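First the structure, in the form of C-alpha cells, and then the observations on it.
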Amino acid sequence: MNLAVFASGNGSNFSAIVKEIKQGKIKVKLLILVCDKPEAFVVKRALRHKIKVVLARREDFRSKTDFEAAIIQRLKTYKIDLIVLAGFMRLLSPTFVKQYRNRIMNIHPSLLPAFKGAHAIKDVFDNKAGSTGVTVHFVDEKVDHGPVILQGKIEIRSNDTLVGLGKRIHALEHKLYPQAIKLFVSGRIGAKAP
Ligand code: GRF
C-alpha cells in the first residue's frame, strides 16, 4: 500500500508517521511528500528521511484545476492508495475529493464539529472551553468535515497556557494519526483504489 503525505508547514505529524513506518508498525510505503511551500520545514524533514518531495506551488499554475491535475498526475505515477493531509493549508476541490473518496484523511486540532478552521487551538483557548481534542476524519467536499475515524479528548486545565495546551494537542495528534493510518491499512476503514 502506497501513501502520500500532503503538508505545508512544520511537519511534526509527518515525522510521527515516518517514525512508526520506519519502526515497522505501519505496513505502508510512504512514497512522496506533496508540499506547496518550498521553504516549509517539512521539506527538510522529508529530505533527511530520503523521502521524495513533490513541490507544487499554486502560483506556478494558471488555475486551481491545473494545480490539482499536476498533483493527481504524480499520485497516479506513484500509485498512491491513501493521502494523508498533515497541515496542508489548501482546500481540495470537489473534483479531487471525488477521485479519492474515503482515501484522503485529515487531522484537525479540535473535537469536530466544534472549532473548525485554521486557528482551532487558539479559538478553543480563547473561548475557555472546558475540554477539546483531536479529530482524524476522511475528507469530503466541506471544510473540516467528513466521516470521523478517531477522536481523542483533552481536558483543559485552569492554569493552561496556549503553548502548553498546544503541546498536549500535538502529542495526541502524533499518536492518533498513525493509529488511523493503521486502521486504513488493515482494511477496516476507507475505500480501496479503483
Ligand atoms: C496540526 O495541528 C494539524 O492538526 C493541523 O495542522 C497542524 C500541522 O502541524 N491540521 P504539523 O505541521 O504536523 O506540525
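Output the residue which, of all residues in the stretch 14-28 that are closer than 18 Å to Val185 by Cα and either within 16 Å of the ligand (Cβ to nearest atom) or assigned to a helix (DSSP H, G or I) (or both), is nearest to the chain's Cα centre (by Cα).
Of everything passing the filter in the stretch 14-28, Phe14 is nearest to the chain's Cα centre (by Cα).
When both residues are 6+ apart or on different chains and their Cβ atoms are under 7 Å apart, which pairs have a first residue that lies in the stretch 10-21 and is under 13 Å from Leu33 (Cα atoms), and a second that is open to solvent by 20 Å² or more (accessible area, probe 1.4 Å) and among the acidic types (Asp, Glu)?
none
So is Ala4 modelled with pLDDT of 95 or more, more than 12 Å from the ligand (Cβ to nearest atom), surrounded by 21 or more Cβ atoms within 10 Å (Cβ to Cβ) and under 15 Å from the mean Cα position of the chain (by Cα) or not?
Taking the combined requirement at face value, the residue satisfies it.
When the residues of the stretch 75-88 are filtered to those that are touching a Lys or Arg at 6+ places or on another chain (Cβ under 7 Å) and away from the ligand (no atom under 16 Å from the Cβ), which remaining residue is nearest to Asn127 (Cα to Cα)?
Looking at the filtered set, the residue picked out is Leu82.
Given the criteria of a type in the set (D, E, K, R), open to solvent by 50 Å² or more (accessible area, probe 1.4 Å) and at positive phi, does Lys79 qualify?
Against the criterion (of a type in the set (D, E, K, R), open to solvent by 50 Å² or more (accessible area, probe 1.4 Å) and at positive phi), Lys79 qualifies.
For (1) modelled with pLDDT of 95 or more; (2) within 16 Å of the ligand (Cβ to nearest atom); (3) open to solvent by less than 60 Å² (accessible area, probe 1.4 Å); (4) touching a helix residue (DSSP H, G or I) at 6+ places or on another chain (Cβ under 9 Å), each residue gets a yes or a no:
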position: Glu39; (1), (2), (3), (4): yes, yes, no, no
position: Lys44; (1), (2), (3), (4): yes, yes, no, no
position: Lys50; (1), (2), (3), (4): yes, no, no, no
position: Arg57; (1), (2), (3), (4): yes, no, no, yes
position: Ala70; (1), (2), (3), (4): yes, no, yes, yes
position: Gln73; (1), (2), (3), (4): yes, no, no, no
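Check the stretch 89-110 and report whether any residue there is within 14 Å of the ligand (Cβ to nearest atom) and polar (S, T, N, Q).
Looking for residues that are within 14 Å of the ligand (Cβ to nearest atom) and polar (S, T, N, Q), one finds at least one in the stretch 89-110, hence yes.
Does any residue in the stretch 116-131 that is open to solvent by 80 Å² or more (accessible area, probe 1.4 Å) come within less than 9 Å, Cβ to Cβ, of a residue that is aliphatic (A, V, I, L, M) six or more places away or on a different chain, and which pairs are these?
Lys116/Val143; Lys122/Leu162; Asp126/Leu162; Lys128/Ile156
Can you pull out the residues in the stretch 154-183 that are open to solvent by 10 Å² or more (accessible area, probe 1.4 Å), closer than 27 Å to Ile21 by Cα and away from the ligand (no atom under 12 Å from the Cβ)?
Those that are open to solvent by 10 Å² or more (accessible area, probe 1.4 Å), closer than 27 Å to Ile21 by Cα and away from the ligand (no atom under 12 Å from the Cβ): Ile154, Lys175, Gln179, Lys182, Leu183.
If a residue must be of a type in the set (D, E, K, R) and either under 30 Å from Lys29 (Cβ atoms) or within 12 Å of the ligand (Cβ to nearest atom) (or both), how many such residues does the stretch 143-153 contain?
Count: 1.
Which of (1) out of contact with any helix residue (DSSP H, G or I) (no Cβ under 9 Å at 6 or more places or on another chain); (2) over 12 Å from Met105 (Cβ atoms); (3) surrounded by fewer than 16 Cβ atoms within 10 Å (Cβ to Cβ) is the odd one out, the single condition Pro147 does not satisfy?
(2) is the only condition that Pro147 fails.
The values are calculated or read from the model by the stated rules, or taken from the named source; none is laboratory data. In this text the structure is predicted, and so the values were computed from the model without any measurement. Reconstructed Cβ throughout: ideal geometry from the backbone, glycine too, with neighbour counts over all protein chains shown. The accessibility values were calculated without ligands, DNA or RNA, using every heavy atom of the protein model including side chains. Shrake-Rupley method; radii C 1.70, N 1.55, O 1.52, S 1.80 Å.
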